[in-house]
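Data block below; observations after.
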Amino acid sequence: MQTIYFDNNATTRVADEVFEVMQPYFCELYGNPSSMHTFGGQVGVRVREAREQVAALLGCHPGEVIFTSCGTESDSTAILGTLAAVPHRRKVITTRVEHPAVLTVCRDLENRGYHVIELGVDKQGRLDLDELESLLDDDTAIVTVMAANNETGTIFPIERIAEMVTERGITFHTDAVQIVGKVPLNLSETPIHLLSLSGHKLHAAKGVGVLYVRKGTRIAPFLLGGHQEGGRRAGTENVPGIVGLGKACELAARYMDDENTRVKALRDKLESAILAGCPDSRINGDPENRLPNTTNISFEYIEGEAILLMLDRFGICASSGSACTSGSLEPSHVLRAMGVPFTAAHGSIRYSLSRYNTEDEVDFTIEKMPQIIERLRELSPFVGQVSV
Amino acid sequence: MWEYTDKVRDHFFNPRNVGEIENADGVGEVGSLACGDALKLTFKLDKDGRIADAKFKTFGCASAIATSSVLTELIRGKTLDEAMNVTNKDIADYLGGLPEQKMHCSVMGREALEAAIANYQGGEVKKHELEGHVVCTCFGVTDVEIERVVRENDLTTVEQVTNYCKAGGGCGGCHGEIEKIIERIQGEKVAPHAPPVPRKGKKLTNIQKMQLIQQTINEQIRPALRAHGGNIELIDIEGDKVTVAFRGMCAQCHLAEFTMKDVVETKLREFVSEDIVVEEDKDSVEEGHVHKG
Ligand code: FES
């Protein structure tokens, strides 16, 4: 059976070109970049090149790129490293819709006595910037706001937020794992201090990420040990992963147009056809400021896991904000923060596309969706009733 | 991804007895949209008092649909007394097992059956009535229901209770009470591995007391407030006087301030010391106001 992969916000396939450049670094060029011999040294050269490739995509200086093991590590390092560098400041500002890699860290900080503020969002998932501005003060150590939401694709105006925050002498961090490679970003034009990205979200391998640290930003290292990454992140480099990520960044720049034209058109087609073909469905998120590859649609009266299983039978991979899929009992914290009613939150499905998707795949899915939704609604006791 | 048995998949993809019987003899409705699953069971009796037909409608995940389907198969042909003996375990066993976290689906099946039989016996159509007092407000689960799943399935941890009836799966504010229920029923069986909960000691040093207060706030109080969009901050401790500030509450929440303070005081007295007095620091409230509609 064919696989139709619409779950690219969860992870992506490694690009062939990326896989190809990674291969020699397992069995042939396996030297340690820190070694004094030529054999290891040549590997160090490739790591440096990869750093330049990442910097080129981000519009920053290669010296501002720190390789980590994943987006989660980058997030933890950014937040905890900043707090360690400004120990007298005790306030942390974030949002209710962050990825757990940020939210869980912040909630833990709260238990350790920090004053943590989680900004709410409106029905479309947007922040109130005036509210944010009113909360900034001399006690604020860091503001961490994601660039784009993984579940709904809603994009936050991080450039404006960065200006507002950094003007007050406060460190600004953004978890940008979903936006890098999908929407152009130029760090030389915004005062963002810290930015996290993750390799496997942009067709590089799992197990490699980046923390961008703007020159002059005060941050303490998180992993201590050797002098790798200029002493800012100890641990022997994941060379194949890093080399692959460099290539993936180069490709991302090349496909940026494709992402925002062809992929976006596929997303739009999928979305409007599903909305037209399935009654009582609606989009979650801000339709105007949204990642080009993501759509999150709620189907009333039915439950997401059941929809996913039906899709799975046709080889279609998507994800859901329903409680049942995560093993937790409550639906997505993002949808709840947006005030999406329970009736719709349990039945939400996210489709996230990539440059590997085709029109045929979209057409096939468009054809299958209505019958799946209809079938499950036949089983539902709520159809035809007033929403609870 | 969940690992479902072939039986579960079969009953999900090809559910038996879907629908609603008109003029049913018994109607049982449990669950709600908010909870993420709901089941409406209807049955008709034949002249010998056996279940001639049973149908279901279910909102929920694959295992909720599969358990409902199996339930209707299991009770057909049974007298009401026989049907009453069908347990959630029978349903799960018939399916070749369910993932632990999905056991509550089988419990929902059994509850719907009971509700339908009660409806037949009591006449009028009513939702499954709550007995006992609500322990878990997040999912509206009562002590009686919790006791029952603990007994019938020999459960020993809060996590298991959550898997079987959802209680404890939200804010976590009810974990303490669920633990007490488990201890009461299972007695010694659980005492040795009960997870560490803050406990009142005999004589606490000042530092120990402060830590215990912080721990109690973190584990027993904050989760419940969080579930309702609020929060609490520990401002100061002076002897037995504990000063806290409430955050993220809207105007309506502030009307209820005095009760909030009382709740905190009760918890701290329970877990730390009888002499604790809680005061609210109102000056720092404005600043942390983050409530949004
Ligand atoms: S009250 Fe039980 S989980 Fe919230």
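The values are calculated or read from the model by the stated rules, or taken from the named source; none is laboratory data. None of the values given here were measured: they were computed from a predicted structure. Neighbour counts run over all protein chains shown; Cβ positions are idealised from the backbone, glycine included. These area figures cover heavy atoms from the full protein model, side chains too; ligands, DNA and RNA do not enter into them. Shrake-Rupley method; radii C 1.70, N 1.55, O 1.52, S 1.80 Å.
Mind counting the residues in the stretch B:205-222 that are within 16 Å of the ligand (Cβ to nearest atom) and at the interface with another protein chain (Cβ under 10 Å from one of its Cβ atoms)? The number of residues fulfilling the criteria is 3.
Restricting A:327, A:315 to those that are under 27 Å from residue A:177 (Cβ atoms), modelled with pLDDT under 90 and of a type outside the set (A, V, I, L, M, F, W, C) reduces the list to A:327.
The sole residue among A:330, A:288 that is within 14 Å of chain B (Cβ to nearest Cβ), in a loop (DSSP other than H, G, I, E, B) and open to solvent by 30 Å² or more (accessible area, probe 1.4 Å) is A:330. Considering the conditions (1) in the same structural domain as residue A:333 (by TED's automatic domain parsing); (2) more than 22 Å from the chain's Cα centre (by Cα); (3) crowded, with 16+ Cβ neighbours inside 10 Å, residue A:358 is excluded by exactly one of them, (3).
Residue B:137 falls short on exactly one of the conditions (1) closer than 24 Å to residue B:16 by Cα; (2) open to solvent by 70 Å² or more (accessible area, probe 1.4 Å), and that condition is (1).
Conditions (1) more than 9 Å from chain A (Cβ to nearest Cβ); (2) surrounded by 23 or more Cβ atoms within 10 Å (Cβ to Cβ), marked per residue:
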site	(1), (2)
B:8	yes, yes
B:11	yes, yes
B:15	no, no
B:21	yes, no
B:24	yes, no
B:27	yes, no
B:34	no, no
B:38	no, yes
B:52	yes, no
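Conditions tested, residue by residue: (1) of a type in the set (Lys, Arg); (2) more than 9 Å from chain A (Cβ to nearest Cβ).
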site: B:63; (1), (2): no, no
site: B:66; (1), (2): no, yes
site: B:73; (1), (2): no, yes
site: B:76; (1), (2): yes, yes
site: B:83; (1), (2): no, yes
site: B:86; (1), (2): no, yes
site: B:95; (1), (2): no, yes
site: B:99; (1), (2): no, no
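In the stretch A:246-263, is there at least one residue being in a loop (DSSP other than H, G, I, E, B), under 30 Å from residue A:58 (Cβ atoms) and open to solvent by 10 Å² or more (accessible area, probe 1.4 Å)? So far as the stretch A:246-263 goes, no, none of its residues is in a loop (DSSP other than H, G, I, E, B), under 30 Å from residue A:58 (Cβ atoms) and open to solvent by 10 Å² or more (accessible area, probe 1.4 Å). The set of residues in the stretch A:93-122 being assigned to a helix (DSSP H, G or I) and either without any contact (Cβ under 8 Å) to a residue 60 or more places away in the chain or within 12 Å of chain B (Cβ to nearest Cβ) (or both) consists of A:100, A:103, A:104, A:105, A:106, A:107, A:108, A:109, A:110, A:111. Residue count for the stretch A:84-104 satisfying the condition of being open to solvent by 10 Å² or more (accessible area, probe 1.4 Å) and more than 16 Å from the chain's Cα centre (by Cα): 7.
For the stretch B:101-144, the tally of residues that are within 14 Å of chain A (Cβ to nearest Cβ), closer than 15 Å to residue B:165 by Cα, away from the ligand (no atom under 16 Å from the Cβ) and modelled with pLDDT under 85 stands at 1. Filtering the stretch A:266-282 to residues that are assigned to a helix (DSSP H, G or I) and either open to solvent by 60 Å² or more (accessible area, probe 1.4 Å) or of a type in the set (S, T, N, Q) (or both) leaves A:269, A:272, A:276.
Does the stretch B:155-177 contain at least one residue that is of a type in the set (Phe, Trp, Tyr) and more than 10 Å from the ligand (Cβ to nearest atom)? Taking every residue of the stretch B:155-177 in turn, at least one turns out to be of a type in the set (Phe, Trp, Tyr) and more than 10 Å from the ligand (Cβ to nearest atom). Taking the stated definitions as given, is residue B:202 more than 15 Å from the ligand (Cβ to nearest atom), of a type outside the set (A, V, I, L, M, F, W, C) and modelled with pLDDT under 90? Taking the combined requirement at face value, the residue satisfies it. Just a yes or no: is a residue in the stretch A:168-191 farther than 20 Å from residue A:67 by Cα, buried (at least 16 other Cβ atoms within 10 Å of the Cβ) and hydrophobic (A, V, I, L, M, F, W, C)? Taking every residue of the stretch A:168-191 in turn, at least one turns out to be farther than 20 Å from residue A:67 by Cα, buried (at least 16 other Cβ atoms within 10 Å of the Cβ) and hydrophobic (A, V, I, L, M, F, W, C).
Within the stretch B:56-76, at least one residue is under 23 Å from the mean Cα position of the chain (by Cα) and of a type in the set (Lys, Arg). Residue count for the stretch A:221-238 under the criterion of being surrounded by fewer than 24 Cβ atoms within 10 Å (Cβ to Cβ) and in contact with a Leu (Cβ under 8 Å, 6 or more places away or on another chain): the result is 3. So, in the stretch A:291-308, of the ones that are more than 10 Å from chain B (Cβ to nearest Cβ) and in contact with a strand residue (DSSP E or B) (Cβ under 6 Å, 6 or more places away or on another chain), which residue ends up farthest from residue B:13 (Cα to Cα)? Per the criteria, the residue is A:291. Considering A:14, A:45, A:21, the condition of being open to solvent by 20 Å² or more (accessible area, probe 1.4 Å) and assigned to a loop (DSSP other than H, G, I, E, B) is satisfied by A:14 alone.
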